[in-house]
Amino acid sequence: MTTDESGYRVEKDTMGEVRVPADALWRAQTQRAVENFPLSGRGLESAHIKALAQIKGAAAQVNGSLGVIEEDLAEAIAKAAAHVAEGGYDDQFPIDVFQTGSGTSSNMNANEVIATLAARELGRPVHPNDHVNASQSSNDVFPSSIHLAATEAVTAELIPALEHLGAALVAKSEAWSEVVKSGRTHLMDATPVTLGQEFSGYARQVANGIERLTGTLPRLAELPLGGTAVGTGVNTPPGFAPAVIERLRQSTGLPVTEARDHFEAQGARDALVEASGQLKVIAVGLYKIVNDIRWMGSGPRAGLRELRLPDLQPGSSIMPGKVNPVVPEAVRQVAAQVIGNDATVAFAGSQGDFELNVMLPVMARNLLESIRLLANAARLLADRCIDGLEPNVEVARAYAEGSPSIVTPLNRYLGYDEAAAIAKAALADNRTIREVVIERGHLENGKLTEQQLDEALDVLRMTRP
Ligand SMILES: O=C(O)C[C@H](O)C(=O)O
């Protein structure tokens with residue numbers, strides 16, 4: 001390696017010489033990839049770099065204990081990898097996420113940066129391939145790093161965030177068990193429900209999302225490590241993968257396991273597609289929840305006005321005093337992004353050609369982004385919207401009492417056809433159902449008593465038949 005005066009040094013790889021910024025920790029292969037893929041301006045997610053480095057560190061320790069590399073070299077690599085995993089060297093990962101489909105460029109980026117750091121520690125050369133990448137291939141390490149990062153993000157970020165949101169929804173559901181409102185089906189007035197019942201439905205959607213994620217974990221946490229190039233494990237000593245994975249289990253506390261079939265685990269990426277699909281379901285659920293809230297909060301004069309959302313910021317640059325449902329709007333956009341990310345993950349997941357899927361980096365990018373977005377959106381929604389919601393009890397009750405559908409419990413006394421006639425007459429003449437029932441002589445003709453009429457038209461009672 002030589003350094004010239006222009007701020008670059010010259011590094012070599014198997015293709016020849018490459019000029020690398022003098023202070024960069026990466027080497028020739030990373031630099032080639034930086035120049036080859038100027039696409040999105042966005043690199044690997046930080047969580048992904050962390051997972052890659054965690055695997056490199058555990059692999060070095062096992063390589064040391066199995067005699068694949070010297071013990072002091074293994075320790076230096078493990079130490080360097082730990083520093084990278086802590087996040088202090090994320091700026092040394094400059095390669096665009098849209099790159100080699102196997103992630104080889106980012107794997108080599110990790111190998112080169114860790115080799116440089118380890119060489120500084122050790123005071124002798126460390127080879128990115130022979131030492132840091134020993135017993136590994138991009139084809140097993142890179143997908144393993146996606147699964148490790150996604151498992152961590154789901155268990156440590158997304159599930160706790162959804163639990164937080166679920167608790168906020170349950171609290172409202174319990175507080176509003178007597179707040180009666182009009183149900184709506186087809187966007188038309190229906191029989192009454194309570195606001196608490198609606199929020200219990202939302203809470204269950206979120207709880208189901210947690211169950212769905214938990215259900216994917218056994219497959220998401222399977223690591224292809226040990227398969228190396230094509231799943232056979234060429235160049236890997238016996239016992240390498242189980243030992244590395246056991247170290248990862250210990251150091252991360254995550255339920256990672258070795259892939260049950262290394263050919264499935266490298267030729268396909270079905271578990272990532274599955275996890276992304278569950279994220280899409282959660283996004284769809286959040287969309288429905290915030291959309292209902294947005295509509296219930298519409299107004300303040302010309303909307304539904306059943307809920308008051310917390311005022312967070314001036315809504316309009318031109319209309320003074322206007323306040324908008326900004327958190328539901330932001331969450332809706334998160335949902336749209338997650339649904340779009342899933343379409344890409346599903347397409348990319350179908351691109352398993354023989355022994356390797358070669359659309360790995362984009363799957364990682366989208367999956368990890370979706371998890372991060374949903375976790376942040378769930379907390380935001382709980383803290384800046386749900387917690388501060390207030391019901392407009394009078395308006396909600398008035399809608400319930402004004403709904404022509406409250407005639408429904410009279411079916412059993414008067415029959416469907418007469419009940420329909422009563423509902424239409426009430427609507428046409430802007431009278432209450434009660435007034436029309438009495439006017440049509442149903443108390444006098446003995447079809448029902450006054451007490452039965454009172455009970456039948458009790459809107460809260462209708463929510464608990
Ligand atoms: O980078 C590797 O380890 C292998 C590469 O992805 C390949 O299969 O060509």
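Observations on the structure shown:
- Pairs linking a residue in region 85-100 that is within 16 Å of the ligand (Cβ to nearest atom) to a residue that is of a type in the set (V, I, T) and modelled with pLDDT of 95 or more, with Cβ atoms under 6 Å and 6 or more positions apart or on different chains, are I95/V34.
- Per-region count, region 224-262, residues farther than 16 Å from A150 by Cα, part of a helix (DSSP H, G or I) and among the hydrophobic types (A, V, I, L, M, F, W, C): 4
- Yes/no for A265 being under 28 Å from the mean Cα position of the chain (by Cα) and in the same structural domain as D383 (by the TED database): yes
- Against the test of being more than 47 Å from the chain's Cα centre (by Cα) and surrounded by fewer than 19 Cβ atoms within 10 Å (Cβ to Cβ), the options D387, D417, D383, D458 yield a single qualifying residue, D417.
- E157 vs. criteria out of contact with any Lys or Arg (no Cβ under 8 Å at 6 or more places or on another chain) and part of a helix (DSSP H, G or I): no
- Of the set (1) more than 16 Å from the ligand (Cβ to nearest atom); (2) assigned to a helix (DSSP H, G or I), all apply to R124 but (2).
Table: residues versus (1) surrounded by 23 or more Cβ atoms within 10 Å (Cβ to Cβ); (2) touching a Gly at 6+ places or on another chain (Cβ under 9 Å); (3) aliphatic (A, V, I, L, M); (4) without any contact (Cβ under 8 Å) to a residue 60 or more places away in the chain.
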residue	(1), (2), (3), (4)
T116	no, no, no, no
I146	yes, yes, yes, no
A167	no, no, yes, no
A175	no, yes, yes, yes
T185	no, no, no, yes
G209	yes, yes, no, no
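- Residue in region 154-165 that is farthest from the ligand (Cβ to nearest atom), counting only those that are surrounded by 24 or more Cβ atoms within 10 Å (Cβ to Cβ) and under 30 Å from N107 (Cα atoms): L158
- The condition of being outside the structural domain of A60 (by the TED database), assigned to a helix (DSSP H, G or I) and within 16 Å of the ligand (Cβ to nearest atom) holds for only one of S173, S144, S106, that being S144.
- Lone qualifier among A33, A81, A47 - being touching a Gly at 6+ places or on another chain (Cβ under 9 Å) and part of a helix (DSSP H, G or I): A81
- Matching option when the condition is aliphatic (A, V, I, L, M) and within 17 Å of R365 (Cα to Cα), among V126, V97, V113, V132: V97
- Whichever residue in region 130-141 is part of a loop (DSSP other than H, G, I, E, B) and of a type in the set (S, T, Y) and, among such residues, is nearest to the ligand (Cβ to nearest atom): S137
- Residue in region 34-45 that is surrounded by fewer than 16 Cβ atoms within 10 Å (Cβ to Cβ), more than 26 Å from P242 (Cα to Cα) and within 16 Å of the ligand (Cβ to nearest atom) present: yes
- The lone criterion from (1) in contact with a His (Cβ under 9 Å, 6 or more places away or on another chain); (2) free of Cβ contacts under 8 Å to residues at least 12 places away in the same chain left unmet by G16 is number (1).
- Across region 287-307, the number of residues qualifying as touching a Leu at 6+ places or on another chain (Cβ under 7 Å) and either assigned to a strand (DSSP E or B) or farther than 20 Å from W176 by Cα (or both) comes to 1.
- Yes/no for V244 being surrounded by fewer than 22 Cβ atoms within 10 Å (Cβ to Cβ) and of a type in the set (A, V, I, L, M, F, W, C): no
The values are calculated or read from the model by the stated rules, or taken from the named source; none is laboratory data. Nothing here was measured: the structure is a model prediction, and the numbers come from that model. Because the Cβ atoms are built from the backbone with ideal geometry, glycine has one as well, and the counts that use them run over all protein chains shown.
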